[in-house]
Each structure stands twice: as C-alpha cells, then as structure tokens.
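*Asks:* The structure that follows is given in the form of structure tokens.
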Amino acid sequence: MTTNYKYLFGPVPSRRLGRSLGVDLTPHKTCSFDCIFCQLGRTTNRTVTRQDYVPTSAVIAELHDWVETDGSADYITLAGSGEPTLHSSFGEVIDAVKSVTTLPVALLTNGSLLGDSDVRTAAARADVVKVSLSAWDPFSFDHVNRPHPDVTLKGIYEGTWMLREALHGELWIEVFIAWGVNSIPRDVGRIAELIKPLKPDKIQLNTAVRPPAETFVEASPEEHLVSLAKLFEPTAEVIADFASSASPQVAANEKSILAMLSRRPCTADQMASAFGLHRNELSKYLGRLVRTEQVAAQSEQENSYYVAQEKDTQHARA
Ligand code: SF4
C-alpha cells in the first residue's frame, strides 16, 4: 500500500480496472463539474483553468519509487480528487509511467476539456480513456453535472469524438444513473443514442453506492441497471459495486473507523491521515457506515465532521 505517498494511492481494488494504482493530480474537489452524485462531496474549486496543480516532478519521483519498491498493479490510473486533465502536465505523467513500467495507463475524465487539442493529444497517450457521460441535453447536463459555465455537453461529445479518432487505446464510457433523476429508460435511451457514434469499446453503468454530494441522489436498484444496460450498443456492463462492503478487508477498516469515531468526531481528512488512506479509499469505508446509519455527518464551521451513532458506538467499544 502507498501509505507514505502524497500523490499516489492504493493499489485499490476496482471492478473496472482490477488492482489500480491511483495518481491524484489535483487538490481535493478541483473540478470543472460539481456533479450531484460525486462521492467526494461538493466541488470547492470549479474551474476550467489548466495549471500544474501539484508538482509534476514530485508525482514522477513517487512513481519511480513505487515501481522500484512494489510496482505491482493491473493499471496505473489518473484519477482522484478532481478532474485530472486540469493538470497541465498530465501527459508528461503518462509518459513518465510508460518510461518506467509496462503497466497500462487509464485516464478517468469528465471529458470537459477534450475540445482542447493539447488535452486530446495528451489523453491519446493513455491505454484506456474513460469518459463520463450521464446527460442527454443541456438541461439534464446542468442538473446532473452542474458544469463550469464554459463547458457544454455538445463540446464534450465533439471532443470525445475527436479523441476517438486519435486514440490507439480503448475508449470507455461511464454513465452514472441517479435514481429518479436520469434513470427513466426513455432518457437513458437518449444518452445511448448520443454515445453510439463514439463507438466505445466498453460502456459501464454506475450508481450511487457511495454517499453522493447531494442527499437527494439515490442508488438505482441493480435490476434496473441490468435492464437499462440493454439500451446501449455494445451492451453496457453494470459496474456499481453493490457487494464491495462484504469483503473482510472492508469490514476490518469499517470497524477501525467506527471505533475511532466513537471516541471523537473527525473530518474525512483527519481520518484519511490517521489511517494512512487516500480520501478516495476512505470514502469507500465511510460511505458504507453512513449508508447503514452507523455514522452521521454534521457541519461545523464549513467542515463536515463524522460522528458515530449511539447504538453502534457501544458496539464499537465492546
Ligand atoms: S464526479 Fe468527477 S467530474 Fe463529477 S464533480 Fe466529482 S470529480 Fe468532478
């Protein structure tokens, strides 16, 4: 595990990518979107400005160290606390990975900057580019993704189409379904129609199995996703990890987190630091605890504190 790194996390088990080493290229919630379903909470810096948000040399130094000391994963994935293509040197990071390992590189992006030819050129160096597309018209786009004003749905589709032409690797599309928001088959069918010309290698359906930014967002039932999957060509895979909380490792980490919160409320950052986990890893455990009402979030002076709920506090102390 990469507990001593600042920009690397995991490798984390992923239904999409097997064991995936995450590379985080932005500060927390620096993104061009503020999606209602974001598992990282609301966007605090909604921007389309590209810059070196974290030092490229430090990221590359950590990658070199990880390859020398461990180097075992199925993918190295540019993802994390925000939109990775906002980092102006993300292509350099892809090149650096490829210079030290043969592991494939995946880029997870919301596609908002793919209209920029520099972004496309850099993205095309990845082995897999996964673009999230969960809306079918400007209204649904504004409602679901709450984009920066400079970003349009049309621009994302056009940018993704141009990337498709330049990409030697695979194009995957992820559609996030929020129950009652974009889950009606007619609307999902419209998304499927928009995606079809992009000729993606894979289409994946996800839903809110972890706590979303907005409490009104609910997970779609698994059987509904399975039925929506047939609307796509190729048929979509359901990747929402309904069963992830069943693994022994998750159970062990949930227990430790609950025991800590039974002693004092903590922010997500405090817990991530205490357990040596990246925020994304922490959210997997914390999300399950919140959903099962063992832990609740409380706002205090612009911070969200997590608090163990009474009946489970006693259980955790036992
Ligand atoms: S889900 Fe992705 S694109 Fe949407 S706000 Fe979160 S980090 Fe940004």
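*Asks:* For segment 10-26: of the residues being out of contact with any Leu (no Cβ under 7 Å at 6 or more places or on another chain), open to solvent by less than 60 Å² (accessible area, probe 1.4 Å) and in a loop (DSSP other than H, G, I, E, B), which is farthest from the ligand (Cβ to nearest atom)?
*Replies:* Leu17
*Asks:* Ok, one more. Give, as residue ranges, the helices (runs of 4 or more DSSP H) completely inside segment 33-127 that count at least 2 residues that are more than 30 Å from Phe216 (Cβ to Cβ) and within 16 Å of the ligand (Cβ to nearest atom).
*Replies:* So the answer is 117-123.
*Asks:* Okay, moving on. Just checking, does segment 79-92 include any residue being without any contact (Cβ under 8 Å) to a residue 40 or more places away in the chain, of a type outside the set (Val, Ile, Thr) and open to solvent by 20 Å² or more (accessible area, probe 1.4 Å)?
*Replies:* Pass one, segment 79-92, residues without any contact (Cβ under 8 Å) to a residue 40 or more places away in the chain: 85, 88-89, 91-92.
Remaining after also requiring of a type outside the set (Val, Ile, Thr): 88-89, 91-92.
Among the residues that remain, those that are also open to solvent by 20 Å² or more (accessible area, probe 1.4 Å) are: 88, 92.
Yes: one or more hits.
*Asks:* Sticking with this structure for a sec: Is it true that some residue in segment 40-48 is open to solvent by less than 70 Å² (accessible area, probe 1.4 Å), farther than 18 Å from Leu86 by Cβ and in contact (Cβ under 8 Å) with a residue 40 or more places away in the chain?
*Replies:* So far as segment 40-48 goes, no, none of its residues is open to solvent by less than 70 Å² (accessible area, probe 1.4 Å), farther than 18 Å from Leu86 by Cβ and in contact (Cβ under 8 Å) with a residue 40 or more places away in the chain.
*Asks:* Would you be able to say whether some residue in segment 128-140 is open to solvent by less than 10 Å² (accessible area, probe 1.4 Å), farther than 24 Å from Ile184 by Cβ and away from the ligand (no atom under 16 Å from the Cβ)?
*Replies:* Yes, segment 128-140 has at least one match.
*Asks:* Further question: Would you mention how many residues in segment 141-161 are touching a strand residue (DSSP E or B) at 6+ places or on another chain (Cβ under 6 Å) and not hydroxyl-bearing (Ser, Thr, Tyr)?
*Replies:* Just the residues of segment 141-161 that are touching a strand residue (DSSP E or B) at 6+ places or on another chain (Cβ under 6 Å), to begin with: 148, 160.
If we keep only those that are not hydroxyl-bearing (Ser, Thr, Tyr) too, we end up with 148.
Adding up the residues that qualify gives 1.
*Asks:* Tell me which residues, restricted to segment 162-181, are within 21 Å of Thr207 (Cα to Cα), in contact with a strand residue (DSSP E or B) (Cβ under 8 Å, 6 or more places away or on another chain) and either open to solvent by 10 Å² or more (accessible area, probe 1.4 Å) or within 16 Å of the ligand (Cβ to nearest atom) (or both).
*Replies:* Trp172, Ile173, Glu174, Val175, Phe176, Ile177, Ala178, Trp179
The values are calculated or read from the model by the stated rules, or taken from the named source; none is laboratory data. Keep in mind that this is a model prediction, so the values were computed, not measured. Neighbour counts run over all protein chains shown; Cβ positions are idealised from the backbone, glycine included. Side chains included, ligands, DNA and RNA excluded: accessible areas come from the protein's heavy atoms. Shrake-Rupley method; radii C 1.70, N 1.55, O 1.52, S 1.80 Å.
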